[in-house]
Amino acid sequence: MRILGIDPGLARVGYGVIEVEPGPGGHQRLLDCGIIRTDPGRSEGDRMVEIARDLRQLIRAWRPELAAVEKFFFYRSSTTIAVVQARGVLMMTLARFRVPVVEFPPMQIKLALAGHGHAQKDEVLEAVMRELDLSDPPRPDDAADALAVALTGWFQR
């Protein structure tokens with residue numbers, strides 16, 4: 001099964017694609033990870049178009065059977081609305097390609113990977129590296145976060 005993990009944002013959308021073997025002895029394998037970066041000099045609408053276009057390319061290239069998306073954690077920030085709008089573009093694009101979606105808040109991702117919901121970023125990163133048998137941490141951080149979301153999608157299926 002291929003799972004696309006997504007860490008939503010406007011300036012940077014983290015993504016990670018894993019392949020998992022079902023069954024008790026199955027393991028997870030990293031296929032791809034990175035970020036969709038939008039041009040801050042462009043309008044928000046143009047940046048949303050960039051996100052949708054790049055996500056369409058990822059979906060066509062990897063054909064995920066499931067998408068796991070981090071739920072937005074609400075806080076007061078000047079970028080809150082833009083991030084929520086970008087997340088909407090992501091969800092719409094996944095729906096257009098009929099990719100089933102599961103959503104997880106940050107605390108649930110931390111719990112699934114590190115064993116407790118208040119885990120530090122480095123604890124989650126260590127778990128991602130262990131689960132995917134990586135010798136080096138995935139970069140940038142948004143991509144590593146997206147891989148954590150993808151793994152949570154697998155663990156919580």
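Just so it is clear, none of the values below were taken in a lab; they were calculated from the coordinates. Predicted, not measured: the structure shown is a model, and the values here were computed from it. Here the Cβ positions follow ideal geometry from the backbone for every residue, glycine too, while neighbour counts run over all protein chains shown.
For the reader, a short list of remarks on this structure follows.
- Toward the positive end of the charge dipole of the chain, with +1 on the Cβ of Lys and Arg and -1 on the Cβ of Asp and Glu, the farthest Cα among VAL124, LEU58, PHE97 is that of PHE97.
- Site pair PHE155 and VAL102 shows an inter-label distance of 1.1 nm when each label is modelled 7 Å from Cα along Cα→Cβ.
- Looking at the chain alone, DSSP beta bridges between its own residues are antiparallel in about 65 percent of cases.
- Using the Cβ-Cβ distance between ARG29 and ARG139 with R0 set to 25 Å, the FRET efficiency from 1/(1 + (r/R0)^6) comes to roughly 0.85.
- With at most 15 other Cβ atoms within 10 Å, longest stretch of the chain clear of loop chymotrypsin sites (Phe, Trp or Tyr not before Pro) (DSSP): 1-72
- For the chain, modelled as a GNM whose springs connect Cα atoms under 10 angstrom apart, the maximal fluctuation among ASP32, ASP145, ASP133 occurs at ASP133.
- Per-pair calculated FRET efficiency, R0 = 22 Å: LYS71 and LYS121 via Cβ, rounded to 0.05: 0.80
- Correct choice for P(r) over Cα pairs in 10 Å bins from 0, in percent that was computed from the model, options (i) 9, 24, 18, 14, 11, 8, 6, 5, 3, 2, 1, 1, 0; (ii) 12, 43, 35, 10, 1; (iii) 9, 30, 32, 22, 7, 1: (ii)
- Under the combined filter of DSSP loop state and at most 10 neighbouring Cβ atoms within 10 Å, region 78-138 retains these trypsin sites (Lys or Arg not before Pro): ARG98.
- Expected 222 nm ellipticity per residue - DSSP helices of 4 or more, -39500 (n - 2.57), all of the chain, to 500: -14500 deg cm²/dmol
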